[in-house]
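Participant: Before anything else, here's the structure in question.
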Amino acid sequence: MTPPVEAILFDLDDTLCVYEQTADEVLTAAFDAVGVAPFFDGDEYVARFDEFLDAGEEVAEIRRACFTAFAEKAGYERALGREIAAAYRERRDPSGVTFTPGAREALDAVADDYRVGLVTNGDPTLQGPKLDSLGIADRFETVVHGGVDAPYKPNPEPFHLALDDLGVDPGRAVHVGNSLESDVRGALAAGLEAAWIADGREPEPRPDYVFETVAGVADEPWR
């Protein structure tokens, strides 16, 4: 018999919130600021981000390494990549976020019946302003920052750290996130069930639950 769910962990970026400015919009402004035509876009940046997770604890360090690699590949000096990264950081407002559809309702739905935590890749200086802007910093009994408190997801350690804080066994927890690689793969490796916010792809690895939006969390009769 499957044990009942006692804890629900959430991812933050693109699960509970999204930036009001897209990565492409910020990149365009950054390229304009340094006076060079764009040579990569937001989709390419997001696709390669995880390649540079060992570049440092802060997202700014990872972004700098990523942009430097793009510059080098395009035939530019590495310094140009660092300039673009600095311009990007200046123009990205970490508090400029909004809820994803159904996120507020999902948090409200689980608040009274489950232990609730947040497991997010990103340092507190980046993620903290988002929580404050959304007014949800007090919704989580524990917040674990992958890359600072523990290795980045999909490493199992940030999930285990959150559950240790909550005093809940992994077999009685679910993690909700939008990334197949970081959230689903990481949660399954850590022994949790995984709920995935679908993006139209065939999921691999396969999550235990698939929701069209995070609002599905509110409707799920968790065991």
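The values are calculated or read from the model by the stated rules, or taken from the named source; none is laboratory data. Computed from a predicted structure; not experimentally measured. No Cβ is skipped: glycine too gets one built from the backbone with ideal geometry, and neighbour counts run over all protein chains shown. All accessible areas refer to the heavy atoms of the entire protein, side chains included, with ligands and DNA or RNA removed. Shrake-Rupley method; radii C 1.70, N 1.55, O 1.52, S 1.80 Å.
Participant: Report whether or not residue 76 is assigned to a loop (DSSP other than H, G, I, E, B) and either over 15 Å from the mean Cα position of the chain (by Cα) or in contact (Cβ under 8 Å) with a residue 60 or more places away in the chain (or both).
Facilitator: yes
Participant: Of the residues in the range 10-59, how many are touching a residue at least 40 places away in the same chain (Cβ under 8 Å), of a type in the set (A, V, I, L, M, F, W, C), in a helix (DSSP H, G or I) and farther than 30 Å from residue 111 by Cβ?
Facilitator: Residues in the range 10-59 being touching a residue at least 40 places away in the same chain (Cβ under 8 Å), of a type in the set (A, V, I, L, M, F, W, C), in a helix (DSSP H, G or I) and farther than 30 Å from residue 111 by Cβ: 8 in total.
Participant: Quick test for you: out of 174, 148, pick the one residue that is open to solvent by 30 Å² or more (accessible area, probe 1.4 Å) and of a type in the set (Val, Ile, Thr).
Facilitator: After ruling out the rest, the residue left standing is 148.
Participant: Out of (1) modelled with pLDDT under 95; (2) open to solvent by less than 60 Å² (accessible area, probe 1.4 Å), the odd one out for residue 125 is which?
Facilitator: (2)
Participant: Could you list, ordered by first residue, the pairs with Cβ atoms under 7 Å in which the first is in the range 117-131 and in contact (Cβ under 8 Å) with a residue 24 or more places away in the chain and farther than 19 Å from residue 50 by Cα and the second is open to solvent by 40 Å² or more (accessible area, probe 1.4 Å) and among the polar types (S, T, N, Q), at least 6 apart or interchain?
Facilitator: These pairs meet every condition: 129/95; 130/95.
Participant: Looking at the range 192-222 only, could you name the residues that are in contact (Cβ under 8 Å) with a residue 60 or more places away in the chain and under 18 Å from residue 117 (Cβ atoms)?
Facilitator: Residues satisfying the conditions are 192, 193, 197, 214, 217, 218, 222.
Participant: Going residue by residue through the range 81-95, is there one that turns out to be touching a strand residue (DSSP E or B) at 6+ places or on another chain (Cβ under 6 Å) and assigned to a loop (DSSP other than H, G, I, E, B)?
Facilitator: no
Conditions (1) buried (at least 16 other Cβ atoms within 10 Å of the Cβ); (2) not in a helix (DSSP H, G or I), marked per residue:
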residue: 161; (1), (2): yes, no
residue: 168; (1), (2): yes, yes
residue: 181; (1), (2): no, no
residue: 185; (1), (2): yes, no
residue: 199; (1), (2): no, yes
residue: 207; (1), (2): yes, yes
residue: 217; (1), (2): yes, no
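Participant: Here's a follow-up. Of all residues in the range 33-87, how many are surrounded by fewer than 16 Cβ atoms within 10 Å (Cβ to Cβ) and among the β-branched types (Val, Ile, Thr)?
Facilitator: 3
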